[in-house]
1. How big is the C-alpha Rg of region 8-129 next to the rule-of-thumb value 2.2 N^0.38 Å, as a ratio?
2. Between S51 and F80, what is the label-to-label distance in nm when each label sits 7 Å out along the Cα-to-Cβ direction?
3. Can you list the HN-Hα couplings for region 71-87, worked out from phi with the Karplus curve (6.51, -1.76, 1.60; θ = phi - 60°), rounded to whole Hz and with x for Gly and Pro?
Amino acid sequence: MTNQYQPIKVTLQEAKPFDDKPQTALIMRPPTTNDVIHSQQLGSRILADGSKHVDEAEAEAHLFANLTGTTREFIGSLAFYDYSQLGRAYDCFLLPVPQYAARCALLFPGSVASHSQNSEASVSQNSTTG
């Protein structure tokens, strides 16, 4: 595996159209702090008394849309199982890298295979060039 966070491929149980193409999988990239802050701003509203309220579910939907390169509307159209899989992928990014690698291998084996192939390719390139 790798010693850094890599995007995670999440296979959808129900294909959904996005940009007029059926999506059977989404790639979630690792989040940045700014991604989280921005999603909280999008999920917040001002109440009648002037106080600010963050709707955590709405903020999370915006965050997942940003991290997968889709839209809030697309994320809202997903089957709940598929949405919860995005949550599991996101949770992997909250772990230290070694634990992330192990959890990702367990929950998203397709992502791990592509990560290992990328790592093996770079190792073999380095050994032939160096």
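Every number in this text was worked out from the coordinates using simple rules, so none of it is lab data. What you see is a predicted model, and the numbers here were worked out from it, not measured in a lab. A quick note on method: Cβ atoms are made from the backbone with ideal geometry, for glycine too, and the neighbour counts reach across all protein chains shown.
1. This ratio for region 8-129 stands at 1.26.
2. Here the modelled spin labels are 2.9 nm apart.
3. 10, 4, 5, 4, 4, x, 8, 5, 4, 4, 4, 5, 4, 5, 5, 4, x
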